[in-house]
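A quick write-up on the structure given underneath.
The values are calculated or read from the model by the stated rules, or taken from the named source; none is laboratory data. Since the structure is predicted, the reported quantities are computational estimates derived from the model, not experimental observations. With ideal geometry, Cβ positions are generated from the backbone for all residues, glycine too; neighbour counts draw on all protein chains shown. These accessible areas exclude ligands, DNA and RNA; they are computed on the full protein's heavy atoms, side chains included. Shrake-Rupley method; radii C 1.70, N 1.55, O 1.52, S 1.80 Å.
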Amino acid sequence: MGVRRAAKGVGDFLIEMVGEAVAEVILSLLACALLGCLALIAHLSWSFSPRFTIAGAGLLRSCCLFDLERCASNGSLDRVIAVGAGHESRASW
């Protein structure tokens, strides 16, 4: 009885491990495809109009910086960093 239970546990573990490995490979391929699409969009944008590409990148950067400054000013950025680092119980706000 104990051998069957142990074999079933090992089998379940192996099936779960293989499933997670397959999912990780699929997600990695998807991430590479998305990165490739982003590079293609940047290349096409640059070849169409370098001036607009630089202006768009600058606009995107300023929007991101504005958002970070707004989060930092009301303290929500500290919360996000603390929660993301796994320090939910130790964060003081």
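Only one of these is loosely packed, with under 10 Cβ neighbours inside 10 Å and assigned to a helix (DSSP H, G or I): Val22, Val3, Val10, Val18. Name it. Exactly one residue qualifies, and that residue is Val3.
Taking the stated definitions as given, is Arg70 at pLDDT 85 or above and open to solvent by 60 Å² or more (accessible area, probe 1.4 Å)? For Arg70, the condition - at pLDDT 85 or above and open to solvent by 60 Å² or more (accessible area, probe 1.4 Å) - is not met. Among the conditions (1) at pLDDT below 90; (2) surrounded by 10 or more Cβ atoms within 10 Å (Cβ to Cβ), Cys32 misses just one, which is (1).
Within the bounds of segment 42-54, is there any residue that is open to solvent by 100 Å² or more (accessible area, probe 1.4 Å) and either at pLDDT below 75 or of a type in the set (D, E, K, R) (or both)? So that I can check it myself, show each step before the final result.
First, pick out the residues of segment 42-54 that are open to solvent by 100 Å² or more (accessible area, probe 1.4 Å): 43, 46, 48, 51-52, 54.
Next cut, either at pLDDT below 75 or of a type in the set (D, E, K, R) (or both) only: 51.
Among the residues of segment 42-54, at least one is open to solvent by 100 Å² or more (accessible area, probe 1.4 Å) and either at pLDDT below 75 or of a type in the set (D, E, K, R) (or both), which makes the answer yes.
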